[in-house]
Amino acid sequence: MAGAANLLSVRRLLKRYGGLVATDHFDLDVRPGELHAIIGPNGAGKSTLIAQLAGEIRPDGGSIHFDGRDITGMRVERRALLGLARSYQITSVFPEFTALQNVMLTAQAHQGHSFRFWTPTLRQPELVEPAAQALERVGLGSRLHTPVADLAHGEQRQLELAMVLAGKPRLLLLDEPMAGMSQSESRLMTDLLLSLKGQYGIVLVEHDMDAVFALADRITVLVYGRAIACGPIEEIRANPEVRNAYLGDEAMPS
Ligand SMILES: Nc1ncnc2c1ncn2[C@@H]1O[C@H](COP(=O)(O)OP(=O)(O)OP(=O)(O)O)[C@@H](O)[C@H]1O
């Protein structure tokens with residue numbers, strides 16, 4: 001089977017919106033422990049791709065294998081249980097609850113329970129320890145009992161990452177984790193992702209090129225739903241088609 005050694009293997013993935021081909025026979029391989037960045041101009045199809053990998057959008061064709069298993073038609077919850085986790089925007093958390101409570105609720109949801117049973121959840125000691133560890137892991141060890149509404153923007157993005165880690169993932173799907181961040185917050189998040197690198201497979205969609213070049217093992221360049229190039233950083237930087245289609249010299253720090 002194609003890419004059995006890969007954690008994630010995508011073949012000829014296809015998604016159409018009417019006449020628009022948002023994902024155009026797209027191939028992707030992510031090795032265990034690899035950080036694979038997906039870059040491309042606005043509207044290239046990055047979010048549509050992540051949503052298909054997470055199981056939120058059904059592709060019109062092609063296949064997705066996770067750890068050798070065909071997950072193309074599998075629902076979001078089952079993918080999550082297998083260890084495929086995407087980061088959620090902070091709007092999906094409970095702002096009046098503390099950081100710790102939010103991570104505990106996510107951890108419980110990953111175990112297949114519903115948010116409706118949150119009151120007992122918040123009293124379950126076996127959920128506290130892993131949730132606290134996930135928060136420490138992302139640098140929020142001193143903010144466990146702070147309501148999410150009182151966290152700074154950058155801290156909220158760190159919290160999103162803690163919520164993903166609490167689900168014990170094997171592959172992280174990160175959709176623009178640096179979005180809306182200041183330069184210093186972005187550097188902090190880059191360091192954080194560097195500290196996680198190698199322990200998880202990571203698919204990173206990101207516009208911040210400094211972050212991408214600091215983090216990626218390989219980069220796939222997406223334009224009009226098509227992968228026009230895939231390779232290590234230096235190869236992508238030197239690729240004339242990529243320079244033309246997307247990067248531009250000024251976007252490539254040397
Ligand atoms: N539900 C939808 N219905 C119709 N067209 C859609 C839908 N979702 C996305 N598209 C179109 O599909 C293409 C890819 O969109 P997508 O949001 O995936 O791109 P993107 O690379 O994530 O963009 P950005 O970098 O701006 O977030 C765009 O042309 C978009 O207008």
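The values are calculated or read from the model by the stated rules, or taken from the named source; none is laboratory data. All values derive from a computational prediction rather than experimental measurement. Note that each Cβ is placed from the backbone with ideal geometry, even for glycine, and that neighbours are counted across all protein chains shown. These accessible areas exclude ligands, DNA and RNA; they are computed on the full protein's heavy atoms, side chains included. Shrake-Rupley method; radii C 1.70, N 1.55, O 1.52, S 1.80 Å.
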### Task
Check L188 against each of (1) on the phi < 0 side of the Ramachandran plot; (2) in a loop (DSSP other than H, G, I, E, B) and name the one condition it does not meet.
(2)
### Message
Considering only the stretch 205-227, I want to know if a residue exists there that is in contact with a strand residue (DSSP E or B) (Cβ under 6 Å, 6 or more places away or on another chain) and part of a helix (DSSP H, G or I).
### Response
yes
### Query
Applying the selection to the stretch 70-88, what residues are over 15 Å from the mean Cα position of the chain (by Cα) and either part of a loop (DSSP other than H, G, I, E, B) or crowded, with 20+ Cβ neighbours inside 10 Å (or both)?
I71, T72, G73, M74, R75
### Query
Within the bounds of the stretch 37-51, is there any residue that is of a type in the set (V, I, T), away from the ligand (no atom under 16 Å from the Cβ) and touching a strand residue (DSSP E or B) at 6+ places or on another chain (Cβ under 8 Å)?
no
### Task
Can you tell me which residue within the stretch 184-208, out of those that are within 16 Å of the ligand (Cβ to nearest atom) and open to solvent by 20 Å² or more (accessible area, probe 1.4 Å), is farthest from L53 (Cα to Cα)?
D208
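Conditions tested, residue by residue: (1) of a type outside the set (K, R); (2) modelled with pLDDT of 95 or more; (3) surrounded by 21 or more Cβ atoms within 10 Å (Cβ to Cβ).
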| residue | (1), (2), (3) |
| --- | --- |
| V212 | yes, yes, yes |
| C230 | yes, yes, no |
| N239 | yes, no, no |
| A245 | yes, no, no |
| E250 | yes, no, no |
